[in-house]
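Notes follow once the structure below has been shown.
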Amino acid sequence: MRAGKMAPAGGSGAVRGLWVLLAILALARAALALTEQYPALSLLKQELHRQRQGPAGGCASAGEWAEQYSAECDSSFLHFHESDCDIGGSSSCESVLSLNTEKILNQAKLLAEQKRFPFATDNDNTNEELAIAYVLIGNSLYDEAIRHFSTMLQEEPELVSAIYGRGIAYGKKGLHDMKNAELALFELSRVISLEPDHPEVFEQRAEILSPLGRISEALSDLTKAIQLQPSARLYRHRGTLYFISEDYATAHEDFQHSLELNKNQPIAMLYKGLTFFHRGLLKEAIESFKEALKQKADFIDAYKSLGQAYRELGNFDAATENFQKALLLNQNHVQTLQLKGMMLYHHGSLDEALKNFKRCLQLEPYNEVCQYMKGLSHVAMGQFYEGIKAQTKVMLNDPLPGQKASPEYLKVKYLREYSRYLHAHLDTPLTEYNTDIDLPGNFKDHWAKNLPFLIENYEEQPGLQPHIKDVLFQNFESYKPDVQELVCVADHLGSMMQYETPGFLPNKRIHRAMGLATLEVMQAVQRTWANSKVRMNGKTRLMQWRDMFDIAVKWRRIADPDQPVLWLDQMPARSLSRGFNNHINLIRGQVINMRYLEYFEKILHFIKDRILVYHGANNPKGLLEVREALEKVHKVEDLLPIMKVN
């Protein structure tokens with residue numbers, strides 16, 4: 001079939017028609033998201049951030065940085081015995097206490113007889129009094145427990161168990177009140193000065209320091225606790241802190257040590273996988289997530305993480321399968337709905353993506369990511385009224401004083417302005433307007449650099465005009481045969497642009513857009529052979545190379561309005577003089593770029609060759625020594641000593 005016999009691919013038509021062609025994806029083949037931007041962070045960042053901002057009282061400690069820690073009953077501030085609590089729970093993990101005085105006294109007596117509380121004494125009467133206070137803590141009667149401990153300390157000021165218990169009670173009252181935090185730290189520090197060889201005290205102090213943001217001090221305490229008495233729990237706690245600090249390599253070592261001491265730890269195995277994930281080692285992460293599922297078959301977070309790892313790897317089917325398994329275990333799991341929706345959006349399945357975002361917002365109405373993605377999905381489908389309504393909700397969610405704005409909050413104002421611009425030109429022929437010229441220079445500069453929307457003298461785009469209707473969805477079967485043929489050929493051509501390498505998720509919407517762009521370029525060139533002039537921006541002139549690229553840029557902009565696709569030479573001169581970062585990092589710190597990993601060996605070999613050339617010209621006497629050193633270089637770190645020679 002020849003392109004010349006097909007219907008026009010878009011050339012002089014209005015943008016509304018292009019949206020419709022991109023909307024009918026029933027026959028699109030699986031393919032590539034050419035310019036999809038993966039989130040820089042981390043899979044659990046949002047969840048960890050939410051948990052760290054939650055109520056600081058209760059078990060808000062290292063043992064609860066993941067949901068399952070509370071289920072695992074880590075005892076948090078109360079360690080009645082030294083061994084880890086079993087996942088299934090044990091008597092020491094249960095809050096079997098009630099407000100009934102008789103039951104409290106009976107439970108206290110049992111605790112005292114078995115000495116199942118910290119720093120028990122040799123005096124039975126003292127132990128019973130201490131046990132009563134610890135039982136009060138177990139019933140969340142923190143003020144009563146503090147008074148009880150204080151009464152005992154008036155008689156015996158250096159009663160270690162009472163000092164320790166009072167510190168625990170202050171901590172459990174709530175670290176959101178700095179007075180409680182300071183008193184808890186003061187009491188625990190007193191215990192350490194009196195009994196410096198008890199690891200549990202260092203651990204408890206770390207669990208108070210970490211929510212306060214004093215991570216280095218918390219790590220120091222956990223390290224001291226490990227030196228005194230290594231345990232699977234301590235290594236896991238310290239690994240979690242390193243993980244939150246984004247030191248994934250060190251966190252991995254701690255989780256590995258924890259698993260060596262206790263193999264049956266699905267939480268630790270999950271986090272081990274996440275340390276691989278955040279370093280770009282996706283295949284290793286997948287193996288760890290699978291191992292966690294062997295240990296805990298109903299582990300929702302492991303299925304969710306496995307789905308996300310496959311998504312980043314570009315395996316859409318495997319990612320979908322694992323997200324679905326997570327949702328079968330809990331259909332209301334918000335983070336899985338959010339991640340699955342984002343994957344579907346970047347796969348070009350906008351209808352399905354929208355369903356996930358709507359469900360996410362039913363469960364969590366103030367979820368910024370789902371609200372932003374809902375608005376983006378509507379706009380990408382040509383449904384501007386619903387899209388801008390959702391965008392406005394994100395804009396209204398201003399960050400609190402001192403709180404860092406979310407990526408969605410930073411982007412949403414640009415998306416709303418661009419959405420208004422696109423809507424205003426829906427019925428305007430594409431050859432009659434130019435996005436690069438129409439949008440203000442400072443707006444484009446800030447948008448491309450993802451800067452806060454602080455643009456002086458900016459005049460907003462006009463609001464939605466009632467006479468301009470949204471794009472109506474068309475069934476594929478409703479098109480004439482020649483249009484159907486054009487779309488099918490476009491899908492095939494677009495799929496051929498897929499990068500067949502790990503890290504690129506197929507995006508059938510991008511495929512269709514690029515396939516239609518290819519056909520339109522063909523048609524434009526064919527017309528040029530017959531008539532060398534083209535109509536661009538309302539004017540007729542000779543066709544140039546830039547006109548062909550403009551066709552591709554036009555389709556790419558429509559395919560995903562979230563990403564600014566702008567010509568650099570149309571940016572403000574001042575912006576260009578400062579430069580744009582066009583570098584692609586193969587390795588950045590601990591993070592490996594899976595997409596371009598195959599280039600690593602070639603580039604490393606090239607750098608080693610350039611070093612030899614340099615030393616051959618400038619250091620011939622030392623060339624042999626440098627050559628021998630380079631033969632031992634297999635990773636970037638090995639190059640640094642050689643590079644520092646000169």
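Using the Cβ atoms and a cut-off under 14 Å, what net charge is assigned to the surroundings of G375, where Lys and Arg are +1 and Asp and Glu are -1? So the environment of G375 carries a net charge of +1. Does the range 258-348 come out rounded, prolate or oblate by the C-alpha gyration tensor, with a ≥ b ≥ c the root eigenvalues, rounded set by a/c under 1.5 and, if not, prolate when a/b is larger than b/c and oblate if not? The shape class here is oblate. Taking θ as phi - 60° and the Karplus parameters 6.51, -1.76 and 1.60, the scalar couplings of the range 610-618 work out to 5, 5, 5, 4, 4, 5, x, 8, 10 Hz in sequence order, x denoting glycine and proline.
Using a probe of 1.4 Å on the protein chains alone, the accessible area found for E625 is around 140 Å². Working ranking of peptides 442-451, 228-237 by packing, defined as the average number of other Cβ atoms within 10 Å per residue, highest first, is 228-237, 442-451.
Per-residue surface analysis assigns H492 an accessible area of about 90 Å², computed on protein heavy atoms at 1.4 Å probe radius.
Within the range 470-487, which residues have the backbone N less than 19 Å from the label spot 7 Å out from W529 along Cα→beta-carbon, could you tell me? Flagged as within label range: none.
When ranked by the protection proxy of mean other Cβ atoms within 10 Å per residue, highest first, what sequence do the peptides 107-118, 469-480, 393-404 form?
Final packing ranking: 107-118, 469-480, 393-404.
Considering only C-alpha atoms, what is the centroid distance from the range 168-200 to the range 493-520, in Å? First find each Cα centre; the distance between them is then 58 Å. The listed residues R578, R541 rank as R578, R541 when sorted by accessible area, largest first, using a 1.4 Å probe.
Surface composition of the range 594-643: carbon plus sulfur atoms hold 61% of the accessible area, using a 1.4 angstrom probe and ignoring ligands, DNA and RNA.
Rolling a 1.4 Å probe over the protein heavy atoms of the range 476-561, with every protein chain left in place, gives an accessible area that is 61 percent carbon and sulfur.
Ranking Y385, Y421 by solvent-accessible area of protein heavy atoms (1.4 Å probe, all protein chains present), from largest to smallest, gives Y385, Y421. How far is the Cα center of the range 587-622 from the Cα center of the range 431-458, in Å? Cα centroid of the range 587-622 versus Cα centroid of the range 431-458: 39 Å apart.
Counting only protein heavy atoms and a 1.4 Å probe, the range 395-524 has 49 square angstrom of accessible area per residue.
F277 contributes an accessible area of around 20 Å² to the protein surface, as traced by a 1.4 Å probe with all chains present.
Within the same chain, lysines fewer than 8 places from K644 are excluded, and of the rest, those with a Cα less than 21 Å from its Cα are K608, K621, K632, K635. Ordered by solvent-accessible area of protein heavy atoms (1.4 Å probe), largest first, the residues L576, L464, L542, L415 come out as L542, L576, L464, L415. Counting only protein heavy atoms and a 1.4 Å probe, the range 594-643 has 75 square angstrom of accessible area per residue. Rg ratio for the range 594-643: its Cα radius of gyration over 2.2 N^0.38 Å, N being its residue count, equals 1.21. Relative protection proxy for 357-365, 164-172, from highest mean packing down: 164-172, 357-365 (other beta-carbon atoms within 10 angstrom). Accessible surface area normalised per residue over the range 151-229 is 43 Å², counting heavy atoms of protein chains with a 1.4 Å rolling probe.
Are any of the pairs K411/K539; K449/K602; K263/K304; K404/K508; K263/K296; K179/K224 more than 24 Å apart by Cα-Cα distance, and if so, which? Violating the 24 Å Cα-Cα cut-off are K411/K539; K449/K602; K404/K508; K179/K224.
The values are calculated or read from the model by the stated rules, or taken from the named source; none is laboratory data. Since this is a predicted model, take the numbers as computed values, not measurements. Because the Cβ atoms are built from the backbone with ideal geometry, glycine has one as well, and the counts that use them run over all protein chains shown. Protein only, heavy atoms only, side chains kept; ligands, DNA and RNA dropped before computing areas. Shrake-Rupley method; radii C 1.70, N 1.55, O 1.52, S 1.80 Å.
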